[in-house]
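Before any comments, here is the structure.
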Amino acid sequence: MTHDRRAERPFPTLDELNAMPADAFAAAVGPLVESAPRYLARLAAARPFTSDAAMQDAMHAVASEMPEEEQVELVDAHPRIGADSADMSELSTAEQRAGDGDPDEDGERHAYLAEELANLNELYESRFGFRYVVFVAGRPKEAILPLMEHALRNDRDAELRRGLHDAIYIAADRLTRLRGGPPDEEEEAS
């Protein structure tokens, strides 16, 4: 049986989030967006939220209305696809590892993917000036490679909008899971 860490530290209720001082709200909600400080300050100012759906709507609205510098900060708060797990949050590590199998079983394949992702991350960041963010959703890294290659053909504004959308989509999924929403496949199997 898989140990569920959510039982140890439940995510605050909406009433609790709405009542928190801005800094406590930012600390509580930070893991949803990898702790982008200016975004979290703006989101705190957008309270109160009447539902998780209203909070998610506000997350999208705040992200799309921020100055570009703050939008880039939000996108860059996320780790690179394929980053070393020592450099990622617990949530990002779990999301990026899902669907990739055991690295020890096929070390050569994993080494190839790591090198390809590192190269694509470098190309993307040098072209656009911010990190590539995508809702991984348990897809294996080899499924992400063509997405990154396609993204390199987009223009900067389109990529920033797409990256922001995915960053908020990731946050909404994390919120659902931290609230005890849809279990992952491993939890279903236990």
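Details
- Some residue of segment 109-127 being modelled with pLDDT under 90 and either among the charged types (D, E, K, R) or assigned to a loop (DSSP other than H, G, I, E, B) (or both): yes
- Extreme residue, surrounded by the fewest Cβ atoms within 10 Å (Cβ to Cβ), among residues of segment 128-142 that are of a type in the set (D, E, K, R) and either touching a residue at least 40 places away in the same chain (Cβ under 8 Å) or in a loop (DSSP other than H, G, I, E, B) (or both): Arg139
- Residue pairs meeting the criteria (Cβ under 7 Å; at least 6 apart or on separate chains; first within 17 Å of Ala45 (Cβ to Cβ), in segment 9-24; second at pLDDT 95 or above and basic (Lys, Arg)): Asn18/Arg47
- Residue within segment 5-19 that is surrounded by fewer than 13 Cβ atoms within 10 Å (Cβ to Cβ), modelled with pLDDT under 95, of a type outside the set (Asp, Glu) and not in a helix (DSSP H, G or I) present: yes
- Being farther than 23 Å from Ala61 by Cβ, of a type outside the set (Ser, Thr, Tyr) and crowded, with 16+ Cβ neighbours inside 10 Å is a property that holds for Leu120.
- Which listed residue, of Asp87, Asp76, is surrounded by 12 or more Cβ atoms within 10 Å (Cβ to Cβ), modelled with pLDDT of 60 or more and under 20 Å from the mean Cα position of the chain (by Cα): Asp76
- Those residues of segment 27-52 which are closer than 16 Å to Ala167 by Cα and assigned to a helix (DSSP H, G or I), in sequence order: Val29, Gly30, Pro31, Leu32, Val33, Pro37, Arg38, Tyr39, Leu40, Arg42, Leu43
- Residues of segment 96-105 include at least one that is part of a helix (DSSP H, G or I), at pLDDT below 75 and either over 20 Å from Ala171 (Cα atoms) or not hydrophobic (A, V, I, L, M, F, W, C) (or both).
- Test: Ile168 is β-branched (Val, Ile, Thr), assigned to a helix (DSSP H, G or I) and more than 22 Å from Ala61 (Cβ to Cβ): no
- Taking the listed residues Asp52, Asp23, the one that is charged (D, E, K, R) and within 18 Å of Leu175 (Cα to Cα) is Asp52, with no other qualifying.
- Across segment 153-178, the qualifying residues are those that are of a type in the set (D, E, K, R) and surrounded by 14 or more Cβ atoms within 10 Å (Cβ to Cβ), and the one among them that is farthest from Asn121 (Cα to Cα) is Arg177.
The values are calculated or read from the model by the stated rules, or taken from the named source; none is laboratory data. In this text, all values refer to a predicted model and were calculated from it rather than measured experimentally. Cβ sites come from the backbone with ideal geometry, for glycine too, and all protein chains shown count toward neighbours.
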